[in-house]
Amino acid sequence: MRDINQFTVTQAVKNSFKTEPGSRFETLLHGFIDHLHDFTREHHLTQQEWLGILNFLYDCGKISTPERHEFILLSDVVGFSALVDMVNSKGGATEGSNLGPFYLDAAPRKALGADLSDGREGVLVLVKGKVTDTLHNPLPGAIVDTWQADATGTYPIQEQEKGQDKYDLRGIFEADAEGRYYYTTVLPKPYTVPYDGPVGKLLRAGNRHAWRAAHLHYMVRAPGMNSIITEVFFENTEYIDNDAVFGVRKSLITKIVPAKPAHTEGLTLEKAPDAVCEFDFVLAPEG
């Protein structure tokens, strides 16, 4: 240790951890140390830059709450989230996309056909589709967990001080015997990711906009299948080609069309929709 230098410190740090040889934890930890040290040497990081990075991370932690995860937002804007989604997408399954910083794991259970708009102004859209496996077999009882922004581009969770219920515009649905899900909601609009914290400062420093294309969030799961976390986007809308968190995939874009009687045939709905969008989710088997 007394003869350690900038070239031997990396191995010394890895040796200091008594990890199980060949374990996944050891692989990830050693890889992280290698890349971090290589980055530092390659760019000859100064003490001021080192401290700036640590203060930035400290600020991310300081502004985070159980309902706002600034580190997820950071992961999103640097493409880390998108890359993890891409490398974990299973062949034939719906592509993954960003979880985002506003997911809540205790959304209310809703009956199929329920309305999530809670009386908000905007275009009322019927969202419907099927959940199937990769062989197109329906998955009855599949769980479809959804959350979204409103027609002004705001999540209710962001305006609790104004009396908004943080569980508005959220719902958990169970697919029927045919694997179908359907509900109505207000059509969301584009919005900026939270711009008042350290991630906002990073975007401004890099001369980047903070706008997200309009979308619906989903977490879909079924027994024996790999769960997916993804987003559904709308054709010909703003920022579809330059989403701030790199969440858009061609396969995740659907159309919004005017509602016709054929769209609602056989469905029991709380409210009559103005428009319709359809999207089918495909889950891959576990393993």
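Too long at a 24 Å Cα-Cα cut-off: which of 62/189; 62/90; 128/271; 166/201; 18/62?
Over 24 Å Cα-Cα: 62/189; 62/90; 166/201; 18/62.
Leaving out ligands, DNA and RNA, what percent of the accessible area of the range 66-211 is carbon and sulfur, probe 1.4 Å?
So the carbon and sulfur contribution to the accessible surface is 54 percent.
What does the helix-only formula give at 222 nm for the chain: each DSSP H stretch with n ≥ 4 adding -39500 (n - 2.57), the total divided by the residues, and the result rounded to the nearest 500 deg cm²/dmol?
The helix-only estimate for the chain comes to -7500 deg cm²/dmol at 222 nm.
Sorting 54, 203 by accessible area (1.4 Å probe), largest first, what list results?
Descending accessible area places them as 54, 203.
When the expected Rg is taken as 2.2 N^0.38 Å, what fraction or multiple of it is the alpha-carbon Rg of the range 39-162? Don't jump to the answer; show the numbers that get you there.
Numbers: Rg = 19.8 Å, N = 124, 2.2 N^0.38 = 13.7 Å.
Dividing the Cα radius of gyration by 2.2 N^0.38 Å gives 1.44.
Find the relative contact order for the chain and round it to a whole percent, using C-alpha pairs within less than 8 Å whose residues are 6+ positions apart.
It comes to 22 percent, rounded to a whole number.
Over the chain, give the accessible area per residue in Å² for a 1.4 Å probe, as an integer.
Using a 1.4 Å probe on heavy atoms only, each residue of the chain averages 55 Å².
In whole Å, what are the extents of the range 243-287 along the principal axes defined by its C-alpha atoms, from largest to smallest?
Dimensions of the range 243-287 along the principal axes of its Cα atoms: 38, 32, 17 Å.
Measure nothing but the geometry: give the 0 to 90° angle between the long axis through the Cα atoms of 47-63 and the longest principal axis through the Cα atoms of the chain, rounded to 10°.
Approximately 30 degrees, to the nearest 10.
Applying a 10 Å radius around every beta-carbon, put 29-36, 231-238 in order of their mean neighbour count, most first.
Ranking the peptides 29-36, 231-238 by packing returns 231-238, 29-36.
Leaving ligands and nucleic acids out of the surface, order 50, 211 by accessible area at 1.4 Å, largest first. Present the calculation step by step, with values, prior to reporting the outcome.
Numbers: 50 135, 211 95 Å².
Of 50, 211, the descending order of accessible area is 50, 211.
Rounded to the nearest angstrom and ordered from largest down, what semi-axes does the equivalent ellipsoid of the range 115-230 get from its C-alpha gyration tensor (root of 5λ)?
For the range 115-230, the semi-axes come out at 30, 18, 12 Å.
Find the eigenvalues of the gyration tensor of the Cα atoms of the chain, then list the square roots of 5 times those eigenvalues as equivalent ellipsoid semi-axes, largest first, in whole angstrom.
Equivalent ellipsoid of the chain: 41, 23, 16 Å, largest first.
Work out, step by step, the length gained on full extension between residue 41 and residue 242: first 0.36 nm times the residue separation, then minus their alpha carbon distance; give nm to one decimal.
Net length gain for the segment: 69.1 nm.
Please work out how much accessible surface residue 87 shows to a 1.4 Å probe, ignoring ligands, DNA and RNA, in Å² rounded to 10.
The accessible area of residue 87 comes to roughly 110 Å².
Using 0.36 nm per residue, how much length does the chain from residue 86 to residue 29 gain when fully extended, once their Cα-Cα distance is taken away?
Details: separation 57, 0.36 × 57 = 20.52 nm, distance 2.16 nm.
Fully extending the segment from residue 86 to residue 29 adds 18.4 nm.
Under a 1.4 angstrom probe, counting protein chains only, how are 8, 185 ranked by accessible area, largest first?
8, 185
The values are calculated or read from the model by the stated rules, or taken from the named source; none is laboratory data. Quick caveat, the model's predicted, so the values are computed rather than measured. Note: ideal-geometry Cβ built from the backbone for every residue, glycine included; neighbour counts use all protein chains shown. Note: areas computed on protein heavy atoms with side chains; ligands, DNA, RNA excluded. Shrake-Rupley method; radii C 1.70, N 1.55, O 1.52, S 1.80 Å.
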